[in-house]
C-alpha cells in the first residue's frame, strides 16, 4: 500500500484562484490604481462649480447677488425672484405662460420692516395691510434707488422636494417664519 504524501499536488491553494494565471499581484494593484484614479478624475469633472452668471451652485452666490447683501443677510434672507405672466382664455380654455425672468431679491422678516419705513419706501397703510394678512415684504433692486417692493406671503404648501427623498441624507428642517 502506497501512502499519500502530505502535500497534494492536484489541489494547490492559490490566491485568486478564479483569475487566469497571467494575473498576479502587481497587475491587480495597477488595475485598482487605475480604477481609483478614474473615479477621482470623474469626480473632479462632474463637480465643477464654476461661478458663472449661468450657473448658481451655492446659497453663498445668491447671498452675494442679493440687493443690499448686508441688509438682506442681517434682516431677512436672500431670494431668487421669478416674474412670469399667465394668460387664461375661457373659450377655448387654455393657459399661456410668458418667459419667466429671474432676479436677485430679498425677503425681510416682519420684525425688520422699520428699515423700509425709515427710508420712506412704504407707507403706514401698506405696512398695516401687509401685517393684517400676516405677510411680509420682499424687494428687488437697491434700497437706495427705488426698489420694487411687494407684500408677499410664505406659502405653507411650498415644499423642497429635494429633501426627504429615498436614499438622501436628511437635511435639518429648521425653517424660520418671516
Residue 134 versus residue 32, label points 7 Å from Cα toward the beta carbon: distance in nm? 6.1
The residues 156, 127, sorted from fewest to most surrounding Cβ atoms within 10 Å, come out as 156, 127
Most exposed first by the Cβ proxy, i.e. fewest other Cβ within 10 Å, how do 139, 153, 96 rank? 96, 153, 139
Beyond 20 Å, the calculated P(r) of the range 59-152 holds a percent of Cα-Cα pairs equal to 43
I need to check one value: relative contact order of the range 59-152, counting alpha carbon pairs closer than 8 Å and at least 6 residues apart, in percent. 25
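FYI, it's all coordinate maths here, none of it is from the lab. Since this is a predicted model, take the numbers as computed values, not measurements. Cβ atoms come from the backbone with ideal geometry, glycine included; neighbour counts cover every protein chain shown.
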